[in-house]
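Single-structure report; data block below.
Read-outs: derived from the displayed coordinates by stated rules, not from any lab. This is a predicted model, so every value here is computed, not measured. Heads up, the Cβs are rebuilt from the backbone with ideal geometry, glycines too, and the neighbour counts pull from every protein chain shown.
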Amino acid sequence: MQLSRDALLEAYRSMKTIREFEERVAKEFATGDLPGFVHLYAGEEASAVGVCSHLVESDQIISTHRGHGHCIAKGCEVEPMMLELFGREGGLCGGKGGSMHVADLSKGMMGANAIVGGGPPLACGAAMTAKIKKTGGVAVSFTGDGGSNQGTTLESMNLASVMQLPVVFVFENNGFAESTAANWSVAGGSIVRRAEAFAMPGVQIDGTDFFAVHEAAGEAIERARKGGGPSLIEVALTRFYGHHQGDNQSYRTPDEVRNAREERCPLINFRRRVTEASLLDAAELDAIDAEILDQMDAATAAARAAPWPDVAEVLTDVYVTY
Ligand SMILES: Cc1ncc(C[n+]2csc(CCOP(=O)(O)OP(=O)(O)O)c2C)c(N)n1
């Protein structure tokens, strides 16, 4: 699939925004001023962006505990996200959700989700709504390799197949669920083989290659939109940081951690591909880099300056009123 210059620039901007958001959060978290836990998505950017670049605002995605990248790729704004992570008033969820619950329903981002395997059933719900209301909408569930083994995930794949729901199950296989290796915990040797069991198309792709993700996601999303039912995409990638900030990663060799940034980086890969093919100039990518760093400075300063949520707000938004 041929991508326009604008689409390429947009993809780069989105991936780079995710990367710099995560780098900044790593730095800010280390100061101790950012409450809770954070699980960083650096290294996995091509998955979120390759998939979400095919979605419109009314399509819905559901994420995991490693959710910042999916939020940004689906169009959530960076500053209210940063405020949310700092727990401040003006955050996307009023500063009451934090990293693992960032959501923006107006952008079709149903939320990060602290429950491993919590996303797929929600994606089926969104897809069922789209099907019943004939909106043409698609739902995407992002799940890790650990989440691929959860009963909720397997039940969701069964339901989606039986009901031919417009849903795409994206499995981001970064090799570990916390410290448990996927090549030990995923029975059958790969996640993609499960597609056949549930009678849906499945592909396994290199998650450091934006173009490969973009192509596979394009096919799956188009199939779902046209009534062709669910698909599975297993994306092989690497996380640059530990499971959460503070994880000493004793289960990975120091070389593996060190080399990942040079050898498995979707941004380096993308930059090389588009400049070698003369599709984009290095200088225009550098300009985007600089702009994004300024954006992160501004978002962090705004978050640090913002007030805490008012105590009177503690119970608002807890229950939905119909
Ligand atoms: C139902 C449930 N069980 C266990 C946990 C604890 N937990 C949080 S993240 C995680 C690992 C998830 O691994 P994976 O799905 O591969 O995602 P990754 O962290 O690699 O992105 C576990 C076991 C949880 N949050 N929810």
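What helices in the chain pass both tests, a Cα length along the helix axis of 20 Å or more and a mean Kyte hydropathy of -1.0 or higher, using whole DSSP H runs? If you can, show how the numbers build up before the last one.
On the way: long enough: 5-30 (38 Å, -0.72); 119-133 (21 Å, 0.49); 210-225 (22 Å, 0.01); 282-305 (35 Å, 0.28).
Span-like helices, by this rule, are 5-30, 119-133, 210-225, 282-305.
Its DSSP H runs of at least 4 residues, each contributing -39,500 (n - 2.57), put the calculated 222 nm mean residue ellipticity of the chain at -14000 deg cm²/dmol, to the nearest 500. Using only side-chain charges placed at the Cβ, +1 for Lys and Arg and -1 for Asp and Glu, the dipole size of the chain relative to its Cα centre rounds to 960 debye.
Report the relative contact order of the stretch 1-153, percent, no decimals, based on alpha-carbon pairs under 8 angstrom and at least 6 residues apart. Show your work: numbers first, answer last.
Values: 270 pairs, mean separation 33.6, N = 153.
Answer for the stretch 1-153 is 22 percent.
Let me have the relative contact order for the chain, percent, based on Cα pairs under 8 Å that are six or more residues apart.
On the way: 638 pairs, mean separation 70.2, N = 322.
Across the chain, relative contact order equals 22 percent.
Overall dimensions of the chain, expressed as equivalent-ellipsoid semi-axes from the Cα gyration tensor (√(5λ), whole Å, largest first), are 28, 25, 21. The number of Lys pairs in the stretch 5-303 with C-alpha atoms less than 30 Å apart, excluding pairs fewer than 8 positions apart on the same chain, is 21. For the chain, C52, C93, C124, C265 have no disulfide-compatible partner, since no other Cys C-beta lies under 4.7 Å from theirs.
Along the stretch 87-101 the Karplus relation, 6.51 cos²θ - 1.76 cosθ + 1.60 evaluated at θ = phi - 60°, assigns HN-Hα couplings of x, 9, 4, x, x, 3, 10, x, x, 9, x, x, 3, 7, 10 Hz to successive residues, with x for each Gly and Pro.
Where does each of 310-321, 29-40 land if you order them by average Cβ count within 10 Å, highest first? Display every interim value, and only then the final one.
Details: 310-321: 8.5, 29-40: 15.9.
Top of the packing list down: 29-40, 310-321.
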